[in-house]
Amino acid sequence: MKLTASITAGGLSLTGSGALTAAGRARLDLNAGAGGGSQVATSTITADTIASSTGVGSGGVNLAGTANAINKLGAFAVTGGDFTLVDSSALTVTGATSANNVSLISTSAISEAAGQLIRVRRRHDHAERQRALRVSNPMELKPGTGTLSLTRHDGDVYVDQSCGTF
Amino acid sequence: MALGNVNATSGTMRIGTGDITSTVAQNGGTVLNVGTLTGNTTSSVNLNSTTNSIPTLGAFAVTGGDFTLVDSSALTVTGATSANNVTVTDSFAGSPAITVATGGSLAGTTGTR
């Protein structure tokens, strides 16, 4: 499923009990301009993968549905805004996600796919950007319960900037 | 089925009641200017005119095909829309351009993209 709002100003909004469902292997491709994408806690997104093929503008992305069931976070670029995803499923980061601030809030596990990096640093490296979860400001990875595990696969886990709590 | 210009700015345009088996598309250069769009088909629906003005998308079931809608107005989804693949593109230069409201849903049922 692909939803695209105007690349200049448009935004996407899920209100009330509105729902987006991408069944089976389908992915949900969200794209918007400066209006960004928002979701109230009572609405729901169900998808194997959520990603953005053309990105989202400065309005940022706030997918706050507490019943969201999303298995994978693919490539998702937010330019000039924040990215927040609330999820109730085990979430695997499978693509590069970038935003001013990134918050992944899950009541289940959050993991990174093999070969992916979760990286917080300020140095720009295009090659690394292709495979990294990259932010230029503070990032929050927040499991609802349990602990956050950053596990080395083929690559490394780097935290190059100082963190308030880690 | 190829659609021409439709003007029903305060009304509802319904495309099929489950009885349309051929692809529904728009003739080039035509516009759907309708208050609410609903439908039920057994084949793909491709409403891709960039000047379509459809403020409300109600229930629209596409069985065995895809649903594609291009719109230029602020669009609110108020009914259940489902198809193999659902693609909605809205050029409205305000925000939100696309709202999925209570009772509204967009569902790709068997799609792979």
Revision key, fill the gap. Taking the range B:64-77 and keeping residues assigned to a loop (DSSP other than H, G, I, E, B), farther than 16 Å from B:V31 by Cβ and free of Cβ contacts under 8 Å to residues at least 24 places away in the same chain leaves B:G64
Review point. A:S38 versus (1) part of a strand (DSSP E or B); (2) facing chain B (nearest Cβ under 7 Å); (3) within 11 Å of B:T99 (Cα to Cα); (4) not charged (D, E, K, R): which is the lone unmet condition?
Key: (2)
Practice item. Would you mind telling me which numbered condition in (1) under 17 Å from A:A90 (Cβ atoms); (2) polar (S, T, N, Q); (3) in a loop (DSSP other than H, G, I, E, B); (4) within 11 Å of chain B (Cβ to nearest Cβ) A:S17 fails? Key: (1)
Review point. Under the condition of being in contact with a Leu (Cβ under 6 Å, 6 or more places away or on another chain) and not in a loop (DSSP other than H, G, I, E, B), which residue from the range B:33-63 is nearest to B:V100 (Cα to Cα)?
Key: B:L57
Check your understanding: Which condition does A:A75 not pass, out of (1) crowded, with 23+ Cβ neighbours inside 10 Å; (2) more than 7 Å from chain B (Cβ to nearest Cβ); (3) not acidic (D, E), if it passes all the others?
Key -> (1)
Practice item. Quick one: which strands (runs of 3 or more DSSP E) lie wholly within the range A:57-164 and hold at least 2 residues that are modelled with pLDDT of 50 or more and of a type outside the set (A, V, I, L, M, F, W, C)? Key: A:69-73, A:83-87, A:97-99, A:102-106, A:110-112, A:139-143
Check your understanding: For B:F92, are the conditions met, namely being hydrophobic (A, V, I, L, M, F, W, C), touching a Gly at 6+ places or on another chain (Cβ under 7 Å) and within 18 Å of A:T15 (Cβ to Cβ)?
Key -> yes
Review point. So, in the range B:79-108, of the ones that are in a strand (DSSP E or B) and more than 12 Å from the chain's Cα centre (by Cα), which residue ends up surrounded by the fewest Cβ atoms within 10 Å (Cβ to Cβ)?
Key: B:A107
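The values are calculated or read from the model by the stated rules, or taken from the named source; none is laboratory data. It should be emphasised that the depicted structure is a prediction, and the values quoted were computed from it without experimental measurement. All Cβ positions, glycine included, derive from the backbone under ideal geometry; neighbour counts span all protein chains shown.
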